[in-house]
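Participant: Submitted below is the structure of interest, expressed as C-alpha cells.
Nothing in this text is a laboratory measurement; each read-out follows from the coordinates by a stated rule. It should be emphasised that the depicted structure is a prediction, and the values quoted were computed from it without experimental measurement. No Cβ is skipped: glycine too gets one built from the backbone with ideal geometry, and neighbour counts run over all protein chains shown.
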Amino acid sequence: MRDGLLRGARAMGAALILMGTPCGLATASATPTARTTSTASAPPTSTPRTLRVTGQGRATARPDLAVISLGVTAYGKLLAPTTRAATEHARRLLAALSEAGIASADLQTSRYEVEIQRSDPRKNEVPTITGYRVSNFVRAKVRNLDALGSVLDRAVAAGANEVQGPSFEKED
C-alpha cells in the first residue's frame, strides 16, 4: 500500500511538472487518501493515512503572434447611409489586411454596434434623435511579428479609426 502511494505521489509530481502552460501559471493540488481495512496488519482503530501533494509550475515562451482589434466607425444623420459607410470602410480594412498577408482564417468580426445619438433634453423635453454611430470591429492575428508595424500602418491607411492592442500570445 505504501509503495502504491509513493508511486502515486511521484506520478502526481511528474504530472505537475508537465502541466506548465506556455504563457501562464499552472497550479494543481491533489489529495489521494488511502485507508487500510486489513485486521492482520493494523488495529481497527488506526487513523486513515493521507498523502497531500501541492505543486506549482511556471513556463515562459516568446510570443509568436500578435492579436489586434481594428475598428471602423462611421457617423451620420440617417442610419442606412451610415451603415453603408461603415460596411464600405470595413471592406477596405479587410482588403488591406489581406494584402498585408493576413489569412482569412486569422480574421474575425468581433463586434458590430449601432448607437443612436440623441440631443440633450431640456426642461421636460423629449430627447430627439440627432444621428447614428455604426462601428465594425475585426480581430486579426498577425503571425509575422516583424510585419506588425506595417500591418497597423496599412489598416489605418485603409480607414481603421480605432485600434486596440496588440496583445502578444504564444500559439498552442
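Participant: Loop-only check: which GluC sites (Glu not before Pro) in the range 129-172 are DSSP coil with at most 12 other Cβ within 10 angstrom?
Facilitator: Working: sites: E162, E169, E171; in loops: E171.
Qualifying residues, ordered by number: E171.
Participant: Given contacts defined as C-alpha pairs under 8 Å and at least six residues apart, what's the relative contact order of the range 88-146, whole-number percent? Before the final figure, lay out each step's value.
Facilitator: Numbers: 66 pairs, mean separation 22.2, N = 59.
Reported as a whole number, the value is 38 percent.
Participant: Continuing with the same structure: What is the order of S104, S98, fewest Cβ neighbours within 10 Å to most? Kindly include the intermediate steps, with their values, before the conclusion.
Facilitator: On the way: S104 9, S98 13.
Placing the least packed residue first, the sequence is S104, S98.
Participant: Using modelled backbone amide H atoms (1.01 Å from N, in-plane), which distant-in-sequence or interchain residues come within less than 5 Å of R49's amide H?
Facilitator: Under 5 Å from the amide H of R49 lie the amide H atoms of A34, T36, each far enough along the sequence or on another chain.
Participant: Right, something else. Could you go through the range 89-105 in sequence order and give the Karplus-derived ³J(HN,Hα) for each residue, using 6.51 cos²θ - 1.76 cosθ + 1.60 with θ = phi - 60°, rounded to whole Hz, and x for Gly and Pro?
Facilitator: 4, 5, 4, 5, 4, 4, 5, 5, 5, 5, 5, 7, x, 7, 5, 4, 5
Participant: Right, here's the next one. By average Cβ neighbour count within 10 Å, what is the ranking of 113-121, 62-70, 143-151 from highest down?
Facilitator: Values: 113-121: 11.3, 62-70: 17.3, 143-151: 14.3.
Result, highest mean first: 62-70, 143-151, 113-121.
Participant: Which order, highest average first, do 87-94, 47-54 follow once you tally other Cβ atoms within 10 Å for each residue and take the mean per peptide? Don't skip to the answer; put the middle values down first.
Facilitator: On the way: 87-94: 18.8, 47-54: 11.8.
Going by the mean number of other Cβ atoms within 10 Å, highest first, we get 87-94, 47-54.
Participant: Next question, about the same structure. Per-residue HN-Hα couplings for the range 165-172, Karplus 6.51 cos²θ - 1.76 cosθ + 1.60 at θ = phi - 60°, whole Hz, x for Gly and Pro?
Facilitator: Working through the residues one at a time gives x, x, 10, 9, 9, 10, 5, 5 Hz.
Participant: To continue, here is another question. If each residue of separation counts as 0.36 nm, what is the full-extension length gain between D146 and Q108 once their alpha-carbon separation is subtracted? Write out the running numbers ahead of the final one.
Facilitator: Details: separation 38, 0.36 × 38 = 13.68 nm, distance 2.15 nm.
Length gained between D146 and Q108: 11.5 nm.
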